[in-house]
Structures are given as C-alpha cells and as structure tokens.
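S.K.: Below: one structure in structure tokens.
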Amino acid sequence: MRVFYYLKSCNTCKKIIKELNLSSKIKLVDIKTNPINKKQFEIIYSISGSFKKIFNKRSLLYKQRNLKNKTLSESDYKPLILEHYTFLKRPVLLYTNKLFIGNSKNTINEIKKFLNEK
C-alpha cells in the first residue's frame, strides 16, 4: 500500500506534494473528501504504535472542544481521529510498511531520502 493522506485545502500539504514530486505509484488521498476508514486507520496505527503520534493537536476542533486542558489517554485519541478528519496529523505517507507522519522539516527530509532510495 502506497498512499499519501493529505488535506487538499491545506497549503502546507500542497507545498509538500509539489516538493516531494510524488510519483504515480503513490496514491494521493484527500482525507476530507475520502475520510480514512477503520481498516486504513488500523494499518497506520499498527505501524506507528500510538494514536497520540498520529493525532493533530493543531486542529481547530481540538481548540474549540478545549481538549488541550483535558488529560487524554492513548485510547481517547482513536475515536476522535475516526470521528473527524482534522484530528489526523497530516500529511501521512504510508509506503508498504514504512510510515511518515507530519510536516516537520525533518520528516519531509526523511521522506525525500526514503523515496530517492526507491
């Protein structure tokens, strides 16, 4: 499975897609129009090993629901991510059994290095 999960309306995601020059071998999936399903979510979770790692704390809903002032357990993240696409940290590149999460410069550099080796 080679999938790049992103948000089409996110300028950072657009910039990263352009920067990575993703090949036609990687499927681009806009999580707003094609929400992540349970099976996809379980695959991402099984590789990441943590719901917290794939949870977006910069989401507007996170702030609106005042979640930063609550103590969330590992199991609290799963239903939130499945409930609304903005709770998934993005972008997410799933390339067979390799997973890259987020938009940090280090993560993008790791993706570039990984894709150049393929």
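The values are calculated or read from the model by the stated rules, or taken from the named source; none is laboratory data. Remember, it's a predicted structure, so these values are computed and weren't measured experimentally. All Cβ positions, even for glycine, are placed from backbone atoms using ideal geometry, and neighbour counts span all protein chains on display.
S.K.: Pull up segment 24-44, narrow it to residues that are farther than 15 Å from Pro91 by Cα and in contact (Cβ under 8 Å) with a residue 40 or more places away in the chain, then point me to the one that is surrounded by the most Cβ atoms within 10 Å (Cβ to Cβ).
M.R.: Restricting to residues being farther than 15 Å from Pro91 by Cα and in contact (Cβ under 8 Å) with a residue 40 or more places away in the chain, the top hit is Ile43.
S.K.: Pairs needed: first member in segment 93-116, free of Cβ contacts under 8 Å to residues at least 40 places away in the same chain; second member anywhere, outside any strand (DSSP E or B) and not polar (S, T, N, Q); C-beta distance under 6 Å; at least 6 residues apart or different chains.
M.R.: Pairs found: Phe100/Ile111; Gly102/Lys89.
S.K.: Can you tell me which condition Leu72 does not meet? The list is (1) over 19 Å from Met1 (Cα atoms); (2) buried (at least 18 other Cβ atoms within 10 Å of the Cβ); (3) among the aliphatic types (A, V, I, L, M), and all the others hold.
M.R.: Unmet for Leu72, out of (1) over 19 Å from Met1 (Cα atoms); (2) buried (at least 18 other Cβ atoms within 10 Å of the Cβ); (3) among the aliphatic types (A, V, I, L, M): (2).
S.K.: Same structure, new question: Exactly one of (1) free of Cβ contacts under 8 Å to residues at least 24 places away in the same chain; (2) loosely packed, with under 13 Cβ neighbours inside 10 Å; (3) more than 16 Å from Val3 (Cβ to Cβ); (4) not β-branched (Val, Ile, Thr) is unmet by Leu67. Its number?
M.R.: So the condition that Leu67 fails would be (2).
S.K.: Taking the options Ile54, Ile17, Ile47, name whichever one is surrounded by 13 or more Cβ atoms within 10 Å (Cβ to Cβ) and touching a Pro at 6+ places or on another chain (Cβ under 9 Å).
M.R.: That would be Ile17, the only listed residue that is surrounded by 13 or more Cβ atoms within 10 Å (Cβ to Cβ) and touching a Pro at 6+ places or on another chain (Cβ under 9 Å).
S.K.: Sticking with this one: Answer with yes or no whether Thr96 is at pLDDT below 95 and in contact with a strand residue (DSSP E or B) (Cβ under 8 Å, 6 or more places away or on another chain).
M.R.: Working: at pLDDT below 95: yes; in contact with a strand residue (DSSP E or B) (Cβ under 8 Å, 6 or more places away or on another chain): yes.
Judged against the criteria, Thr96 is a match.
S.K.: Which of the residues that make up segment 1-16 are outside any strand (DSSP E or B), out of contact with any helix residue (DSSP H, G or I) (no Cβ under 8 Å at 6 or more places or on another chain) and touching a residue at least 60 places away in the same chain (Cβ under 8 Å)?
M.R.: Passing the criteria: Cys10, Thr12, Cys13.
S.K.: Determine whether segment 78-90 contains at least one residue that is closer than 29 Å to Asn116 by Cα and assigned to a helix (DSSP H, G or I).
M.R.: No, segment 78-90 contains no residue that is closer than 29 Å to Asn116 by Cα and assigned to a helix (DSSP H, G or I).
S.K.: Which condition number in (1) assigned to a helix (DSSP H, G or I); (2) within 14 Å of the chain's Cα centre (by Cα); (3) of a type outside the set (Val, Ile, Thr) is the one that Leu99 fails?
M.R.: For Leu99, the failing item is (1).
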